[in-house]
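The values are calculated or read from the model by the stated rules, or taken from the named source; none is laboratory data. Since this is a predicted model, take the numbers as computed values, not measurements. Glycine also receives a Cβ, built like all others from the backbone with ideal geometry; neighbour counts cover every protein chain displayed.
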Amino acid sequence: MDDITNILGAIEQGDSAASDRLFTVVYEELRRLAEGKMSREKPGQTLDATALVHEVYLRLVDVVKARRWQNRGHFFSAAAEAMRHILVERARHKHAQKRGAGRTRVPFDESRIAAEDELEVLSVNEALAGLAAVDAHAAELVKLRYFAGLSIPDAAQVLNIGARSADRLWTFARAWLRRAIETP
């Protein structure tokens, strides 16, 4: 895990080969996250875990040139954010008005995370901005849990907080999102 922080430091110092080393080190973990996320999608998707990992990495590499990564947690937080944007863009594309799709509010139900659909992704994404205004840490936790599929302990490690704190924050975030999504 310290390898990632060291490689990020090398990238910051201008080591051109560090970007390739970073991909090698983080690929398996990003792929595991993407496989977990894509396993919850409906069958027959055009986006698979490999394509998602590559798209996330390409977005991160672009940002690496203009941004300094502080550590492993910072990198994976950015990866979760990139994954979120890709999935939201895909959902919006599928449900564009020109295809006749109408937007309806979908209640947030944690038990449905395994069977999520594009409308739920859009609803959670829309509510996330409001949650971020109330509690930025809670919004980051939702991104890591919902969009990247991290467990509470893994998300807590990325956010550099205790697992119990993350669990309490997740309880708050779920309740806040449920209320925001269910209220018309």
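Quick notes on this one:
- Only listed residue being closer than 27 Å to ARG72 by Cβ and modelled with pLDDT under 85, chosen from VAL158, VAL121, VAL106: VAL121
- Every residue from the range 124-155 that is surrounded by 15 or more Cβ atoms within 10 Å (Cβ to Cβ), small (Gly, Ala, Ser) and more than 15 Å from SER77 (Cβ to Cβ): ALA127
- Looking across the range 125-184, the residues that are of a type in the set (Val, Ile, Thr) and either part of a helix (DSSP H, G or I) or under 15 Å from the mean Cα position of the chain (by Cα) (or both) come down to VAL134, VAL142, ILE152, VAL158, THR171, ILE181.
- Top-ranked residue in the range 50-91 [being assigned to a loop (DSSP other than H, G, I, E, B) and at pLDDT below 75; ranked as nearest to ARG31 (Cα to Cα)]: TRP69
- Residue list for the range 17-49, filter: small (Gly, Ala, Ser) and modelled with pLDDT under 80: SER19, GLY36, SER39, GLY44
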